[in-house]
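Here's the structure we're looking at; comments come further down.
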Amino acid sequence: MNDSSPASTEVPVLDVWCELQCPDCRSALDDLRALRARYGDRLELRLRHFPLEKHKHAFAGAQAAEEALEQGKGWEYVEAVLGRVEELDRGGEPFLVEIAGELGLDAEEFDTALIDGRHILIVDADQAEGKAIGVTGTPTYVIGGERLDGGKSQEGLRERIEEIADRLLAERA
């Protein structure tokens with residue numbers, strides 16, 4: 001049970017539409033790290049999946065990220081895989097399981113999750129919602145009702161996200 005009122009616990013949310021085989025998403029990691037460092041728990045970064053058809057391991061990567069989240073290391077896993085995009089291109093699902101083991105996650109459970117598809121509905125729902133709001137590529141950010149497309153360029157996006165986050169935080173204060 002939580003005795004806090006919704007107003008006191010609500011923080012702005014930054015939805016990050018991403019896919020783990022996307023080089024542009026890897027380029028966005030520095031901005032995401034900077035945002036986490038600046039805002040900490042005052043801004044919720046929420047991973048949203050948008051696997052692109054041109055990347056054959058993207059859907060499995062999204063499922064793997066959900067399993068990592070379930071095992072308590074979602075963003076750490078995402079950063080590890082994005083940091084080695086080329087290896088994912090070559091290694092596919094076995095590489096996704098290997099990364100899980102390197103991070104101390106239950107690799108056997110990871111493998112089982114990829115086989116049984118337990119996270120498919122989450123990935124499908126994210127992708128459908130992304131399409132519904134106009135996401136066409138990754139990374140795409142949504143904060144305060146504003147969509148920012150990072151697939152063409154990350155130039156100036158972190159500053160724009162910070163402007164919106166600061167405004168939303170000031171409104172809640």
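Read-outs throughout are calculated quantities, based only on the coordinates presented, and are distinct from any laboratory measurement. Every value quoted in this text rests on a predicted model; they were computed, and no experiment measured them. Cβ: placed from backbone, ideal geometry, glycine included. Neighbour counts: every protein chain shown.
Below is a table of values for the structure above.
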item	result
Rounded to 5, percent antiparallel among DSSP beta bridges of the chain	55 percent
Whole-Hz couplings from phi, Karplus 6.51/-1.76/1.60, listed for the stretch 96-113; x for Gly and Pro	4, 5, 4, 4, 4, x, 4, 8, x, 7, 6, 5, 5, 5, 4, 4, 4, 4
log10 of Debye I(q)/I(0), alpha-carbon scatterers only, for the chain at 0.14 Å⁻¹	-0.75
Translational diffusion of the stretch 14-102, µm² s⁻¹ [Kirkwood Rh, Cα pairs; Stokes-Einstein; 37 °C; 0.692 mPa s]	251 µm²/s
Backbone HN-Hα couplings from phi across the stretch 73-78 [Karplus 6.51/-1.76/1.60, Hz, Gly and Pro as x]	9, x, 5, 4, 5, 4
Whole-number D in µm²/s for the stretch 48-94 (Stokes-Einstein; Kirkwood sum over Cα pairs; 37 °C, 0.692 mPa s)	305 µm²/s
Unit charges on C-beta of K, R, D, E only; dipole of the chain, Debye	580 debye
